[in-house]
Amino acid sequence: MIKGGRRLSGTCRVSGAKNAVLPAMAASLLAEGPVEIVGAPRLRDIATFSKLLGILGAEVTHGGGADGGEVLRIAPGDARKAEAPYELVKTMRASVLVLGPLLARQGRARISLPGGCAIGARPIDQHLRGLELMGARTSLSEGYIEASADRLSGAAVTFDMKTVTGTENLMMAASLAKGTTVLSNAALEPEVCDLARLLRAMGADIEGEGTDEIVIRGVRSLHGARHEVMADRIEAATLPLAGAITGGDVTAMGADASSMNAVVEKLRRSGAEVDSVPGGVRVRREGPIRSVNVKTAPYPGFPTDVQAQFMAYMSLGDGFSIISETIFENRFMHVAELRRMGARIDVSGNTAAVKGVPALSGAPLMATDLRASASLVLAGLAAKGTTEVLRIYHLDRGYEALEHRLSSLGADITRVKE
């Protein structure tokens with residue numbers, strides 16, 4: 001429940017990145033000792049992935065560290081299973097990240113075809129083709145991917161398209177493969193670099209992350225490690241956008257402006273002031289919201305995971321904004337809900353034309369996926385009257401107690417039972 005119209009101001013801390021924690025959790029399956037992930041937030045997706053690792057034989061604990069921060073500890077257990085069942089995988093696509101580690105460590109894997117947000121097909125053919133080039137035998141049977149290999153061998157793999165989870169899966173698999181693997185047209189995302197940092201701490205031989213070509217020289221075994229996860233750059237964009245859409249002044253501590261250049265540039269062009277401050281990023285806006293065009297693209301382009309939030313912001317712009325979605329084919333499901341608040345948005349294919357309106361009105365809304373739910377919260381913060389956002393379990397998949405942090409910035413927002 002959000003009573004809109006309050007200007008947000010103050011400082012809040014950005015959580016650890018969900019999209020870096022999940023591959024780090026998968027990488028723990030490669031280790032012969034415990035892996036500790038420092039700064040892991042308490043999210044629905046992380047709890048689901050913890051259950052999956054438990055089924056695969058690992059022991060997972062999530063608690064406070066000696067410094068008061070959150071630490072996720074994953075220890076390899078005795079029972080070593082290699083099957084990820086549909087009941088868990090259906091709820092989140094990141095479950096496919098256990099495929100490479102299981103195959104590399106145990107020589108076999110049986111993984112249900114992945115689910116997650118209903119924002120497009122997101123095929124995993126790039127993962128399978130790469131593993132086949134490394135010597136794996138793969139098949140599809142009764143909705144499960146089955147893969148086996150005596151020991152993976154290094155190979156030259158060129159991705160047909162940028163794929164973050166594909167790059168991560170093959171990096172992990174190649175870490176224990178025999179020989180050298182070269183991944184070309186690899187994803188450049190900071191989360192890929194974060195995974196490479198962890199793998200190196202575990203004893204892997206990796207170089208080139210953050211560029212188009214990553215080289216992995218396989219080693220015989222990997223050991224446990226302690227890893228401080230990067231800050232969540234999507235949350236680092238969402239929280240300042242909450243300040244900008246309300247004409248406020250919000251500082252996101254832990255945010256790294258260099259990892260969100262595309263968002264920073266669009267915010268500045270929209271009339272907001274963006275400054276790097278010691279340990280964070282400050283965003284404030286006093287004048288009107290200027291309408292700007294946005295086109296999503298793989299990193300370092302504008303992130304698809306911020307498109308919905310930015311559309312809510314542009315719905316209050318002073319003119320027309322053209323928003324093009326090039327990553328996922330079904331990522332405009334928030335449009336119908338924003339229209340219920342008075343937004344003027346027309347969609348044609350993968351393009352949305354947003355005609356800014358002077359004000360939005362509170363309304364009952366239904367969240368359809370993770371980032372769409374965040375966009376509806378932002379719209380509610382700026383709207384006149386009361387907004388209800390239903391099905392917020394989507395929100396809890398990627399934002400830890402978002403309502404508490406927005407309340408600390410001055411928002412009138414509460415979580416209630418339906």
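The values are calculated or read from the model by the stated rules, or taken from the named source; none is laboratory data. Since the model is a prediction, treat every value here as computed from it, not as a measurement. Please note: Cβ atoms are built from the backbone with ideal geometry, for glycine as well, and neighbour counts cover all protein chains shown.
Okay, residues lined up against (1) over 17 Å from Thr351 (Cα atoms); (2) surrounded by fewer than 24 Cβ atoms within 10 Å (Cβ to Cβ); (3) assigned by TED's automatic domain parsing to the domain that holds Gly342; (4) not acidic (Asp, Glu):
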residue	(1), (2), (3), (4)
Ala257	yes, yes, yes, yes
Glu265	yes, yes, yes, no
Arg268	yes, yes, yes, yes
Met314	no, no, yes, yes
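For the stretch 291-302, what are the residues that are buried (at least 20 other Cβ atoms within 10 Å of the Cβ), touching a strand residue (DSSP E or B) at 6+ places or on another chain (Cβ under 7 Å) and not hydrophobic (A, V, I, L, M, F, W, C)? Give the derivation first.
Initial filter on the stretch 291-302 (buried (at least 20 other Cβ atoms within 10 Å of the Cβ)): 291-292, 294, 296, 299, 302.
Subset that is touching a strand residue (DSSP E or B) at 6+ places or on another chain (Cβ under 7 Å): 291-292, 294, 296, 302.
Ser291, Thr296 - these are the residues of the stretch 291-302 that are buried (at least 20 other Cβ atoms within 10 Å of the Cβ), touching a strand residue (DSSP E or B) at 6+ places or on another chain (Cβ under 7 Å) and not hydrophobic (A, V, I, L, M, F, W, C).
Going through the stretch 328-358 one residue at a time, which ones are without any contact (Cβ under 8 Å) to a residue 60 or more places away in the chain, in contact with a helix residue (DSSP H, G or I) (Cβ under 8 Å, 6 or more places away or on another chain) and surrounded by fewer than 19 Cβ atoms within 10 Å (Cβ to Cβ)?
Selection gives Val347 alone.
Can you pull out every residue in the stretch 158-183 that is more than 18 Å from the chain's Cα centre (by Cα) and surrounded by fewer than 24 Cβ atoms within 10 Å (Cβ to Cβ)?
The answer is Thr158, Phe159, Asp160, Met161, Leu176, Lys178, Gly179, Thr180, Val182.
Given Glu213, Glu191, Glu209, which one is closer than 27 Å to Met260 by Cα, in contact (Cβ under 8 Å) with a residue 60 or more places away in the chain and either acidic (Asp, Glu) or touching a Phe, Trp or Tyr at 6+ places or on another chain (Cβ under 8 Å) (or both)? Steps first, please.
On the way: Glu213 fails: in contact (Cβ under 8 Å) with a residue 60 or more places away in the chain; Glu209 fails: in contact (Cβ under 8 Å) with a residue 60 or more places away in the chain.
Answer to the check: Glu191.
Tell me, which residue of the stretch 78-124 that is modelled with pLDDT of 85 or more, among the small types (Gly, Ala, Ser) and part of a helix (DSSP H, G or I) is surrounded by the most Cβ atoms within 10 Å (Cβ to Cβ)?
It comes out as Gly100.
Can you confirm whether Val229 is buried (at least 21 other Cβ atoms within 10 Å of the Cβ), β-branched (Val, Ile, Thr), out of contact with any Phe, Trp or Tyr (no Cβ under 6 Å at 6 or more places or on another chain) and modelled with pLDDT of 95 or more? So that I can check it myself, show each step before the final result.
On the way: buried (at least 21 other Cβ atoms within 10 Å of the Cβ): yes; β-branched (Val, Ile, Thr): yes; out of contact with any Phe, Trp or Tyr (no Cβ under 6 Å at 6 or more places or on another chain): yes; modelled with pLDDT of 95 or more: yes.
Answer is yes for this residue.
Would you check which residues across the stretch 247-282 are of a type in the set (A, V, I, L, M) and part of a loop (DSSP other than H, G, I, E, B) and list them? Spell out the reasoning first.
Initial filter on the stretch 247-282 (of a type in the set (A, V, I, L, M)): 250, 252-253, 255, 257, 260, 262-264, 267, 272, 274, 277, 281.
Matches in the stretch 247-282: Ala255, Ala272.
Return a yes/no flag: does the stretch 330-341 have any residue that is touching a Gly at 6+ places or on another chain (Cβ under 9 Å), within 26 Å of Ala367 (Cβ to Cβ) and either modelled with pLDDT under 95 or not assigned by TED's automatic domain parsing to the domain that holds Ser375 (or both). Quick ask: steps written out before the conclusion?
Step one: of the stretch 330-341, the residues touching a Gly at 6+ places or on another chain (Cβ under 9 Å) are 330-331, 341.
So of that shortlist, the ones also within 26 Å of Ala367 (Cβ to Cβ) come out as 330-331, 341.
With either modelled with pLDDT under 95 or not assigned by TED's automatic domain parsing to the domain that holds Ser375 (or both) added as a condition, the list becomes 330-331.
Yes, the conditions are met somewhere in the stretch 330-341.
Across the stretch 380-399, what is the total count of residues that are out of contact with any Gly (no Cβ under 8 Å at 6 or more places or on another chain) and either buried (at least 20 other Cβ atoms within 10 Å of the Cβ) or outside the structural domain of Ala312 (by TED's automatic domain parsing) (or both)?
So the answer is 5.
Any idea which of (1) out of contact with any Leu (no Cβ under 6 Å at 6 or more places or on another chain); (2) modelled with pLDDT of 95 or more is the one Ser259 doesn't satisfy?
Result: Ser259 fails condition (2) only.
Residues are listed down the side, and each one gets a yes or a no for (1) within 24 Å of the chain's Cα centre (by Cα); (2) more than 15 Å from Ser28 (Cα to Cα); (3) modelled with pLDDT under 95:
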position: Leu188; (1), (2), (3): yes, yes, no
position: Val192; (1), (2), (3): yes, yes, no
position: Leu195; (1), (2), (3): yes, no, no
position: Leu198; (1), (2), (3): yes, no, no
position: Met202; (1), (2), (3): yes, no, no
position: Glu207; (1), (2), (3): yes, yes, no
position: Asp212; (1), (2), (3): yes, yes, no
position: Arg220; (1), (2), (3): no, yes, no
position: Ala225; (1), (2), (3): yes, no, no
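Considering only residues of the stretch 267-292 that are of a type in the set (S, T, N, Q) and over 23 Å from the mean Cα position of the chain (by Cα), which is nearest to Leu239 (Cα to Cα)? Talk me through it step by step, then tell me what you get.
Taking the stretch 267-292 as the starting set, the residues that turn out to be of a type in the set (S, T, N, Q) are 270, 276, 291.
When the remaining residues are screened for being over 23 Å from the mean Cα position of the chain (by Cα), the result is 270, 291.
Details: Ser270: 16, Ser291: 20 Å.
Ranking the candidates gives Ser270 first.
Considering only residues that are among the small types (Gly, Ala, Ser) and assigned to a helix (DSSP H, G or I), which ones fall in the stretch 360-418?
The initial filter retains those residues of the stretch 360-418 that are among the small types (Gly, Ala, Ser), namely 361-363, 367, 372-375, 379-380, 382-383, 385, 398, 401, 407-408, 410-411.
Passing the criteria: Ala372, Ser373, Ala374, Ser375, Ala379, Gly380, Ala382, Gly398, Ser407, Ser408.
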